[in-house]
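Below is one structure, written out as structure tokens; comments come after it.
Read-outs throughout are calculated quantities, based only on the coordinates presented, and are distinct from any laboratory measurement. All figures in this text were calculated on a predicted structure; none of them were measured in a lab. Cβ placement follows ideal geometry from the backbone for every residue including glycine, while neighbour counts extend to all protein chains displayed.
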Amino acid sequence: MLVCTPVPASEAVDAAVMKRAIDRALAIAESRGIAGPSVTPLVLAEIAADTGGEAVRANLALAENNARLAGRIAVALATLSGGDDTADTNRYR
């Protein structure tokens with residue numbers, strides 16, 4: 001099962017702003033010869049700086065939204081299984 005949920009609209013960063021920030025951050029990484037796992041912290045820091053922290057707030061809101069949805073799905077699955085705490089939890093993997 002694949003479930004997708006977006007960043008809440010109230011916390012979303014404009015797509016054009018994000019694209020510019022990502023492109024700039026990747027260009028910085030490339031110009032510094034940074035590759036592999038070291039790219040991620042640099043890119044995240046540059047995006048956070050370029051967006052004045054908006055991207056960080058959006059990512060936190062997305063994580064909260066994911067957790068909220070996961071909880072709702074878990075309750076729904078538990079209800080479908082009869083709510084038995086001893087049910088086989090592997091059945092939904």
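Label zone (VAL17, point 7 Å along Cα-to-C-beta; backbone nitrogen cut-off 18 Å) within region 41-57: 44-57. For region 12-83, the relative contact order is 32 percent, taking Cα pairs closer than 8 Å that sit 6 or more residues apart in sequence and dividing their mean separation by the residue count.
Pull out the extension gain between ALA76 and ALA49, defined as 0.36 nm times the separation in residues minus the alpha carbon to alpha carbon distance; nm, one decimal.
5.8 nm
Whole number please: convex hull volume per residue of the Cα set in region 12-83, in Å³? Write out the running numbers ahead of the final one.
Working: hull volume 7.4 nm³, N = 72.
Output value, Cα hull per residue: 103 Å³.
Each of ARG32, ARG24 was scored by other Cβ atoms within 10 Å of its Cβ. Listed from fewest to most, they are ARG32, ARG24.
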